[in-house]
Each structure stands twice: as structure tokens, then as C-alpha cells.
Amino acid sequence: MAYWLFKTEPGTFSWDDQLKAGAKGEEWSGVRNALAQKHMRAMKKDDLGFFYHSVHEKRIVGVVRVLNEIHPDSTDPTGRWNCVDVVAVAPFPQPVTLAEIKSEPQLSDMALVKYSRLSVQPVKPEEWDIVCRMGGYKPA
């Protein structure tokens, strides 16, 4: 299993919106960056990801699971871009802020710290474990 981080502006698509999608999940659409697309192509069904609110909040608020692997993005009329579908797993008991992540020396190489603008990022297993502990999230 691989781990990921999905960034979104909460005013555009929030954790509450993800929850409202229910068991059918939601397309992670609108990604128009080649590196982020590459990351989505590497995703496998049941991979897990952090759900990150960007802009003013800058914090991890929940965990999602990849429901469907890469497929055409329904919001792209050109047919050039792809997406995956994700479904909510659980909220973080205590959201973890970007400032908290940056203050943890063991996370200094995390993609979120180094490439903060990238909308879809890989997360190393050891980073996943540290952030989950920071947020009080215990995987089922």
C-alpha cells in the first residue's frame, strides 16, 4: 500500500463535501499539473491519503481511500487529464497543521514541506505514521 496527500481549498471542496459524497466517493478532479497526474497514475485501489485543507487552514483534516484508479477526469472537456476517485475513511481527531509538520524534524523531507504547492503528493510510510500519531489517528 502507498500513501498520498490530497490538497484542496476548503471553499471549493472541503472535508464536509467529501463526507457528503458517501460510499460512492468523489472524483479528485481538476488536477492540471503533470507531476500530480503522475502521482495519481501510480495510485492503486485502497491506497490511503491525507485530506489537506490548503489556503487559510493549511492542515490535514482527514483520511481518504482510493476507490477507483486513474480514469478520465469528467471536468476536462479536452480529454487530456485524468483523476482517481476517493472516499472518506475518517476525520483526524486533532487536525495537524502545516506549522506543526514543519516543526517536526523527522518530517523535514516530506513533500508537503518541500513542494507545498503540489496538489497531489506521495507520503512515505514513516511520514504517514508520524503524522497519524500527531493527529491522534489510529488506523483500523
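The values are calculated or read from the model by the stated rules, or taken from the named source; none is laboratory data. As the structure is a prediction and not an experimental result, all values here were calculated from the model. Because the Cβ atoms are built from the backbone with ideal geometry, glycine has one as well, and the counts that use them run over all protein chains shown. All accessible areas refer to the heavy atoms of the entire protein, side chains included, with ligands and DNA or RNA removed. Shrake-Rupley method; radii C 1.70, N 1.55, O 1.52, S 1.80 Å.
Laid out as a table, the results:
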quantity	calculated
Checking C83 against (1) over 15 Å from F50 (Cα atoms); (2) open to solvent by 30 Å² or more (accessible area, probe 1.4 Å), the condition it does not meet	(2)
Enumerated strands (runs of 3 or more DSSP E) restricted to the stretch 26-140, each holding at least 1 residues that are under 13 Å from W4 (Cβ atoms) and over 16 Å from the mean Cα position of the chain (by Cα)	none
Any hit, the stretch 66-76, residues being hydroxyl-bearing (S, T, Y) and closer than 24 Å to K20 by Cβ	yes
Residue match in the stretch 54-73 (condition: open to solvent by 10 Å² or more (accessible area, probe 1.4 Å) and of a type in the set (S, T, N, Q))	yes
Some residue of the stretch 103-124 being in contact with a His (Cβ under 8 Å, 6 or more places away or on another chain), at pLDDT 95 or above and open to solvent by 30 Å² or more (accessible area, probe 1.4 Å)	yes
